[in-house]
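Okay, so here's the structure we're looking at.
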Amino acid sequence: MKLMNKMIAMSFILWLIFNQLAISQTDTGFKPADSNIMNADFPKISQDNSVYVRLKAPGAANVQVQGGDGLCPKPLALVEDSAGNWNGIIPKAGPGFHYYWFLIDGVRVNDPGSDSYFGYGRPTGGIEIPVPGEDFFYPGSVPHGDVREHWYYSEITGKWRRSFVYTPPDYDRKSRRRYPVLYLLHGAGENERGWSLQGHMGFIMDNLISEKKAVPMIVVMDNGYATDKNAPPVAQGFSMKDMTRMAETLEQVYIKEIIPEIDTYYRTIPTRENRAMAGLSMGGLETLLIGLNHIELFSHFGLFSAAIIGNIMDDPKSAFKGIFANAASFNKKVKVLWFGAGSGEVQFVKMMDDSRKKLDDLGIRSTGYISQGTFHEWHTWRRDLKEFAPLLFK
C-alpha cells in the first residue's frame, strides 16, 4: 500500500510538471521542429536539443515514446495531463535525422505531427534535430539535379524492382556528356528512397558539384533486398545470415541486371575506373560482398558504418578471392577504399579501426573518417557522403 501511495504521489507530481510545461512552453524555449507537418505544434525542440513530445490518447493506460540511436533507444514513459494528452521530454538528442514512434498500451503508432519514412522495416515517423553551422545537406542557391524513378523487371528475383537515379545539373542540357556512376546502398530496415529522403543525397551532391568539390556524377540507389525467385522468403529479422544471403542474390542482380540497365538507359562511362560503390550499415556489408568481389567492375569503395562480418577480415589475405594478397596490385586497381563511422557508434568504430589496421599491416591503402557527436543514424551518413564523394573519379 505504501509503495502504491508513493507511485500515485509521483504520478501526480509528474502530472503537475507537464501541465505547467504545457502552459509555459514559450518560457522553456521549446519550438516546433522544422520537420513537423504543416501546422503541427508537436514535437518541439529546445536550444539544447531536448525534444518535447505530445500525443492525444485519452483512455490509454500507458503511453511511451521510443526512437533510434542518438534519440531515445529505450522506451520513455509519458505522463497524461487533464486534456488526455500524454507528454514527455527526451533529453538532448543527437544532431540530424532520427526515427521515433509511440507505444500506446504496447501498440506501436507514429506521431501524427511528423512525416513518416521507411525505416525499421515499416513507415516510421522522423524528426530533424538542428545541426548548428552545417547546411551542406540543405537546398542551396545552386543548380539542382534530378532524382528519377526507374523501374525494371528482374528475371533473377521474378519481381519488378525500382532504382532512384540522381542525374547531375545540366544532364539534360549537355546531351553528349557522359558521367561516372556511384552505386549507393541503404541500410537494413530501409529502402531505396532512404538516401533521397532521409539522407538528402541530392542536395549534398548539388552543393558539392556547384562548389567544384565533386565531379558531376550519376548516383544509383537501388533496393538492397533480393531473394532468388526459387528461394524461400527471408525472415524480417535482418540477421547477419539473412543479409549475407540477400547479398549473394543481390550480387547477381547488380552484375547481370542493374549495371547493364543503367549503362543502357543513362549516359554513363561504362568502365571500372568510372564506377564506385558505397553503402551504409547493411549497405556497407553489401559493398564489401559485392564490390570487393568484383574489382573488375568497380574502382572506388565507401563503407559507411559498415556491418563487417568478423570472419571476412580475420584473414584478409584470403578474403574476396585473395584481392588483398598482393598489396601493390590492389593499390593500383582500387583508387579509394574509404571507411566512415560516427563517434557515438562505438561498435562500428571498433570494426572500422580493426579492419583498417589489418589492411595497413598488409600494405593496403585506406582512408578513415569519424563523424564527431553522431550515432548510427542519418547525419553520420550524410557527413560520410560529403567526405567521400569529393574523392571519386579524380
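The values are calculated or read from the model by the stated rules, or taken from the named source; none is laboratory data. A quick note: this is a predicted structure, and the numbers were derived from the prediction, not measured. For neighbour counting, all protein chains shown are included, and Cβ atoms are generated from backbone atoms with ideal geometry for every residue, glycine included.
This table checks each residue for (1) touching a Lys or Arg at 6+ places or on another chain (Cβ under 9 Å); (2) assigned to a helix (DSSP H, G or I); (3) assigned by TED's automatic domain parsing to the domain that holds A93.
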| site | (1), (2), (3) |
| --- | --- |
| I259 | yes, yes, no |
| D263 | no, yes, no |
| P270 | yes, no, no |
| G284 | no, yes, no |
| N293 | yes, no, no |
| G302 | no, no, no |
| I308 | no, no, no |
| S329 | no, yes, no |
| F348 | no, yes, no |
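Please go through the range 154-169 and pick out each residue that is under 18 Å from N191 (Cβ atoms), outside any loop (DSSP other than H, G, I, E, B) and not aliphatic (A, V, I, L, M). Answer for the range 154-169, where residues must be under 18 Å from N191 (Cβ atoms), outside any loop (DSSP other than H, G, I, E, B) and not aliphatic (A, V, I, L, M): S154, K159, W160, R161, R162, S163, F164, Y166.
Annotation: of all residues in the range 132-165 being of a type in the set (V, I, T) and in contact with a Ser or Thr (Cβ under 9 Å, 6 or more places away or on another chain), the one that is nearest to D69 (Cα to Cα) is V147. For the condition touching a residue at least 12 places away in the same chain (Cβ under 8 Å) and farther than 25 Å from K333 by Cα, T227 qualifies.
Just give me the residues in the range 118-148 being over 30 Å from V53 (Cβ atoms) and in contact with a strand residue (DSSP E or B) (Cβ under 6 Å, 6 or more places away or on another chain), in sequence order.
Of everything in the range 118-148, those that are over 30 Å from V53 (Cβ atoms) and in contact with a strand residue (DSSP E or B) (Cβ under 6 Å, 6 or more places away or on another chain) turn out to be G145, D146, V147, R148.
Taken over the range 69-100, the criterion of being assigned to a loop (DSSP other than H, G, I, E, B), touching an Asp or Glu at 6+ places or on another chain (Cβ under 6 Å) and surrounded by 23 or more Cβ atoms within 10 Å (Cβ to Cβ) is satisfied by G70 alone.
In summary, D27 fulfils each of the numbered conditions (1) modelled with pLDDT of 90 or more; (2) acidic (D, E); (3) part of a helix (DSSP H, G or I) with the single exception of condition (1). The condition of being charged (D, E, K, R) and surrounded by fewer than 22 Cβ atoms within 10 Å (Cβ to Cβ) holds for only one of R245, R275, that being R245. Residues in the range 151-159: is at least one under 22 Å from the mean Cα position of the chain (by Cα) and crowded, with 18+ Cβ neighbours inside 10 Å? No, the range 151-159 has no match at all.
Yes/no matrix, rows are residues, columns are (1) in contact (Cβ under 8 Å) with a residue 40 or more places away in the chain; (2) touching a helix residue (DSSP H, G or I) at 6+ places or on another chain (Cβ under 7 Å); (3) farther than 17 Å from R356 by Cα:
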site: L250; (1), (2), (3): yes, yes, yes
site: P270; (1), (2), (3): no, yes, yes
site: N274; (1), (2), (3): yes, no, yes
site: A278; (1), (2), (3): yes, yes, no
site: I290; (1), (2), (3): yes, yes, yes
site: N293; (1), (2), (3): yes, yes, yes
site: G302; (1), (2), (3): yes, yes, no
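For the range 343-358, a residue qualifies if it is surrounded by 16 or more Cβ atoms within 10 Å (Cβ to Cβ) and out of contact with any helix residue (DSSP H, G or I) (no Cβ under 6 Å at 6 or more places or on another chain), and the qualifying residues are G344, E345, F348, V349, M351, M352, R356. Each residue in the range 48-68 was checked for being assigned to a loop (DSSP other than H, G, I, E, B) and either in contact (Cβ under 8 Å) with a residue 40 or more places away in the chain or closer than 12 Å to N110 by Cα (or both), and 8 pass.
Screening the candidates T380, T374 for the property of being in the same structural domain as M277 (by TED's automatic domain parsing), assigned to a helix (DSSP H, G or I), under 16 Å from the mean Cα position of the chain (by Cα) and surrounded by 19 or more Cβ atoms within 10 Å (Cβ to Cβ) yields one hit, T380. Looking at the structure I just gave you, is N62 farther than 23 Å from G199 by Cβ and in contact with a helix residue (DSSP H, G or I) (Cβ under 7 Å, 6 or more places away or on another chain)? Against the criterion (farther than 23 Å from G199 by Cβ and in contact with a helix residue (DSSP H, G or I) (Cβ under 7 Å, 6 or more places away or on another chain)), N62 does not qualify.
For the range 102-122, the tally of residues that are assigned to a strand (DSSP E or B) and either farther than 15 Å from I37 by Cα or of a type in the set (D, E, K, R) (or both) stands at 9.
If you scan the range 310-341, which residues turn out to be touching a Gly at 6+ places or on another chain (Cβ under 8 Å) and within 17 Å of H376 (Cβ to Cβ)? Listed by number, the residues that qualify are F339, G340.
Taken together, the residues in the range 42-57 that are modelled with pLDDT under 95 and of a type outside the set (S, T, N, Q) amount to 1.
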